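Working notes, beginning with the structure itself.
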Amino acid sequence: MFHQADLFEHATSRKNMDTPALLAAVAGASSRPKFAFMLLQLLAEVADEQGSAGPYVMTGNSVVPVRDWLCDALVPMGQRDSRRRSTVEAVRAELEQAKQLPADRAQAEDVIDSKVRERVRSSGRCNVSRTVSDLVRGGLLRRHYQGYRVDHENRGAQREAVYTIVPEALTVLRRRAQPGPGSRSSSARR
């Protein structure tokens with residue numbers, strides 16, 4: 001199993017980390033801190049007791065690689081993005097030109113959605129990997145790979161990533177998910 005060590009060791013203690021300290025650490029580690037924090041929060045939701053998420057996440061009745069699951073979970077953040085709309089139009093134009101769209105409008109929209117999802121997932125995997133690398137360098141996340149390895153230079157050959165949130169950050173993220181002493185639970189709401 002390959003384990004990517006932290007590239008920078010942090011001299012500061014994070015034993016008493018709270019949400020503002022975590023946000024500061026994320027902002028210091030990533031040029032896209034909002035995306036990075038959302039990624040960390042999603043990982044915390046599916047992580048085991050030790051903070052490890054992956055290599056696969058169960059979604060309904062299927063199993064998806066954790067990186068693809070993160071891409072799919074973060075797609076709604078880009079739905080209103082003008083690049084997303086232009087991607088839909090480009091895919092539509094390409095399929096129309098190749099005469100690959102079904103005559104039925106609903107089926108055509110399904111084909112377009114499927115092709116757009118493929119493109120978005122492809123670029124999303126790059127965004128997730130880049131952000132994970134930032135968080136690894138920032139000492140908030142560890143990454144290693146699991147699976148079968150074949151002999152060639154691509155270290156990711158037939159292997160999937162496993163992401164582990166450092167214990168201090170995991171504690172903060174899980175504390176955020178629990179209702180505070182002054183909040184009402186959903187069963188208490190009318």
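Computed values, structure above
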quantity: Qualifying residue in the stretch 154-162 (condition: at pLDDT 90 or above and in a helix (DSSP H, G or I)); calculated: no
quantity: So residue 75, is it touching a helix residue (DSSP H, G or I) at 6+ places or on another chain (Cβ under 8 Å) and without any contact (Cβ under 8 Å) to a residue 60 or more places away in the chain; calculated: yes
quantity: Scope the stretch 30-72; condition more than 21 Å from residue 145 (Cα to Cα) and either assigned to a helix (DSSP H, G or I) or not polar (S, T, N, Q) (or both); matching residues; calculated: 32, 33, 34, 35, 37, 38, 60
quantity: Residue among 118, 109, 96 that is closer than 13 Å to residue 68 by Cα and of a type in the set (Asp, Glu); calculated: 118
quantity: Sole residue being open to solvent by 80 Å² or more (accessible area, probe 1.4 Å) and out of contact with any Pro (no Cβ under 6 Å at 6 or more places or on another chain), chosen from 117, 121; calculated: 117
quantity: Some residue of the stretch 100-114 being surrounded by 17 or more Cβ atoms within 10 Å (Cβ to Cβ), of a type in the set (A, V, I, L, M, F, W, C) and free of Cβ contacts under 8 Å to residues at least 12 places away in the same chain; calculated: yes
quantity: Near pairs, Cβ below 9 angstrom, 6+ apart or cross-chain, from the stretch 45-60 (without any contact (Cβ under 8 Å) to a residue 40 or more places away in the chain) to any residue that is hydrophobic (A, V, I, L, M, F, W, C) and open to solvent by less than 30 Å² (accessible area, probe 1.4 Å); calculated: 46/53; 46/57; 46/66; 57/64; 57/66; 57/70; 58/64
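The values are calculated or read from the model by the stated rules, or taken from the named source; none is laboratory data. In this text, all values refer to a predicted model and were calculated from it rather than measured experimentally. Glycine also receives a Cβ, built like all others from the backbone with ideal geometry; neighbour counts cover every protein chain displayed. The area values use the complete protein model at the heavy-atom level, side chains included, leaving out ligands, DNA and RNA. Shrake-Rupley method; radii C 1.70, N 1.55, O 1.52, S 1.80 Å.
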